[in-house]
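The values are calculated or read from the model by the stated rules, or taken from the named source; none is laboratory data. Keep in mind that what you see is a predicted model, and the values were worked out from it rather than measured. Here the Cβ positions follow ideal geometry from the backbone for every residue, glycine too, while neighbour counts run over all protein chains shown. Ligands, DNA and RNA are excluded from the accessible area calculation, which covers all protein heavy atoms including side chains. Shrake-Rupley method; radii C 1.70, N 1.55, O 1.52, S 1.80 Å.
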Amino acid sequence: AKNILALNLVSSPGSGKTTILERTITDLKSDIDFAVIEGDQQTMQDANRIDAVGCPVIQVNTGNGCHLDAAMINQAVKELQITDNSALMIENVGNLVCPSLFDLGEAAKVVIISVTEGDDKPIKYPTMFSVSDICIINKIDLAPHVDFDVKKCKEFATQVNKNIQFFEISAKTGKGMDSWYKWLKEKFKS
């Protein structure tokens, strides 16, 4: 009813979720109003980074919890006071297991994998890839320096989810971000 696009960003720790959010918000803030819910077990570090780019953000610390749940999102949304016609980016706790089992009311689940993690993640953590709509392969600028086969990673992911859509990006250099932005703008308008 409020025309809010909610995306649930999930990944292992260190895949680049926060860096992707920083760059996306900075580059698209004139086109889309963003708000962010940051999920971590401890600290305000990621929320502080998002706040520094001028985006409304709230931190949800889960303590020993390994994921965000609907009750946490409900409370955070009320505190955040998200404007109508905006995009809510939920950066889930870094974990490829638990967040796959919880629906947060998102329009899409976006799994992020970096080339530093290994191309076999989709078959090692098949539930996460089977429930995700998008797979962002991040840190593509490091691919020549690590043992990561992009084609093999995509093949593994499509074995568990034939409809998953891929974006190969480097949030650090900006390579490939335009394709991600195009998808995001189209999803926002629909």
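Couple of notes before you dig in:
- Looking only at region 40-63, and only at residues there that are small (G, A, S) and open to solvent by less than 70 Å² (accessible area, probe 1.4 Å), the one that is farthest from L88 (Cα to Cα): G63
- Residue, surrounded by the most Cβ atoms within 10 Å (Cβ to Cβ), within region 13-39, restricted to residues that are touching a Lys or Arg at 6+ places or on another chain (Cβ under 9 Å) and more than 19 Å from T83 (Cα to Cα): S15
- Output for region 1-26, where each listed residue is among the charged types (D, E, K, R) and within 17 Å of A47 (Cβ to Cβ): K17, E22, R23
- Scanning region 61-75 for residues that are at pLDDT 90 or above and not aliphatic (A, V, I, L, M) yields H67, D69, N74, Q75.
- Residue within region 163-180 that is open to solvent by 50 Å² or more (accessible area, probe 1.4 Å), modelled with pLDDT of 95 or more and in a helix (DSSP H, G or I) present: yes
- Only a single criterion out of (1) closer than 21 Å to I113 by Cα; (2) in contact with a Cys (Cβ under 9 Å, 6 or more places away or on another chain) is not satisfied by G65, namely (1).
- Residues within region 129-152 that are open to solvent by less than 10 Å² (accessible area, probe 1.4 Å) and under 17 Å from I20 (Cβ atoms), tallied: 6
- Residues within region 78-124 that are assigned to a loop (DSSP other than H, G, I, E, B), out of contact with any His (no Cβ under 6 Å at 6 or more places or on another chain) and open to solvent by 70 Å² or more (accessible area, probe 1.4 Å), tallied: 7
- Residue identified as at positive phi and without any contact (Cβ under 8 Å) to a residue 40 or more places away in the chain among Q81, Q75: Q81
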